[in-house]
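The values are calculated or read from the model by the stated rules, or taken from the named source; none is laboratory data. Given the structure is predicted, the values throughout are model-derived calculations rather than measurements. Positions of Cβ are backbone-derived with ideal geometry, glycine not excepted, and every protein chain shown enters the neighbour counts. Note: areas computed on protein heavy atoms with side chains; ligands, DNA, RNA excluded. Shrake-Rupley method; radii C 1.70, N 1.55, O 1.52, S 1.80 Å.
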Amino acid sequence: PLQEYVAPLEKRLSAQLKQPVRIGGMSAASLPPKLQLQSVTVGSAQEVKVGSIVLNFDFLSLLSEIKVISNADLQDVSIDGRVLDKQMVSLKSLGGDPQYPIRNLTLQRVKIVADEVALPVFSGIADIDAQGGFSRVSLHSPDDKYSIDLQSKQGRWQLGLSLKETSLPLLPGIVFSDLNAKGDLGDGEVN
C-alpha cells in the first residue's frame, strides 16, 4: 500500500511547480524500478490532467542519495489552452529537482484544449538538460501530418514545423501538401 506516500509527494511536487498537484493513486515495481502515478492534476482549476505517469528509475542510482529518473512516461495529457503559457513556465521546473533529476520525458496522447482552435493530439519526447530545463521537445500527430521540433539554443527556441496533406488549425480552408517552416521563439517574439 502506497497511499500514505501520496500526500508528501503532492506537497513536494506542489512546491516544485508552485501550484497545487493532486495524485489519485500510486503503485510501484522493483524490477525494473518504477513508480506509477494515476490521475494526476496540476493547477488550482486542474488546468493540466495526466491519466498516468510512469517514472522509470536508473537502477544504479537507487543506491545513491540522488535517484535519477531515466524516463518519465506521461500518458493521456490534457492541458487547458487558456493557461498554456503559465503551465509552460511550471513545466520548465519539472526536471529541476536535484534529488530526483529527470533525463527524458515520453509524451503520449497530449491534447491542448482550446475553444478557438482545434488542435490534434500529439505524442513525442522531451529531453531535459543537467540544469533541469528542456533542451529539446519533439511532437507529432498520430498520422504524422503535424510535427513540431523545438531545440533550446542560447536562451531561445529553434522551431521546426512540418505539415503534410493538412491545414493549419488557424487556416482550416487552406490545405498544404507539404509545408516546412523554421524559426526562432523567445522573449515574446517569433522570427
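Things to note:
- Among the GluC sites (Glu not before Pro) in the range 5-72, those placed in a DSSP loop whose Cβ has at most 12 other Cβ atoms within 10 Å are 65.
- Candidate values [x] 33; [y] 42; [z] 61, label of the one derived for percent of Cα pairs over 24 Å apart: [y]
- For the chain, accessible area per residue (1.4 Å probe, heavy atoms of protein chains only), Å²: 59 Å²
- By accessible area, using a 1.4 Å probe on protein heavy atoms only, the range 71-191 has 56% of its surface on carbon and sulfur.
- Between 0 and 90°, nearest 10: helix 6-17 axis offset from the chain longest Cα axis: 50 degrees
- Bridge orientation summary for the chain: considering DSSP beta bridges with both residues in this region, about 85 percent are antiparallel.
- The range 1-35-the range 157-171 distance, computed between alpha-carbon centres (Å): 36 Å
- Whole-Hz Karplus values for the range 126-135 come out as 9, 9, 10, 7, 5, 8, x, x, 6, 9 Hz, taken residue by residue from phi with 6.51 cos²θ - 1.76 cosθ + 1.60 and θ = phi - 60°; glycine and proline positions read x.
- By the Stokes-Einstein formula, at 0.890 mPa s and 25 °C, the range 2-108 with its Kirkwood radius over alpha-carbon pairs has D equal to 173 µm²/s.
- Nearby lysines by direct alpha-carbon distance to residue 18 (threshold 27 angstrom, same-chain neighbours under 8 apart not counted): 34, 49, 67, 86, 92, 111, 153
- In a simple Cβ point-charge model (Lys, Arg +1; Asp, Glu -1; nothing else charged), the chain has a dipole of about 340 debye relative to its Cα centre.
- Accessible-area rank, largest first, for 128, 148: 148, 128, with all protein chains present and a 1.4 angstrom probe.
- In the chain, a dipole from Cβ-located charges (positive for Lys and Arg, negative for Asp and Glu) runs towards its positive end, and of 24, 106, 166 it is 24 whose Cα lies farthest in that direction.
- 3J(HN,Hα) couplings calculated from phi for the range 79-84 with the Karplus curve 6.51 cos²θ - 1.76 cosθ + 1.60 (θ = phi - 60°) are, in sequence order, 10, 5, x, 5, 10, 4 Hz; Gly and Pro show x.
- Cα-based shape type of the range 121-184, given that a ≥ b ≥ c are square roots of the gyration tensor eigenvalues and the cut on a/c is 1.5: prolate
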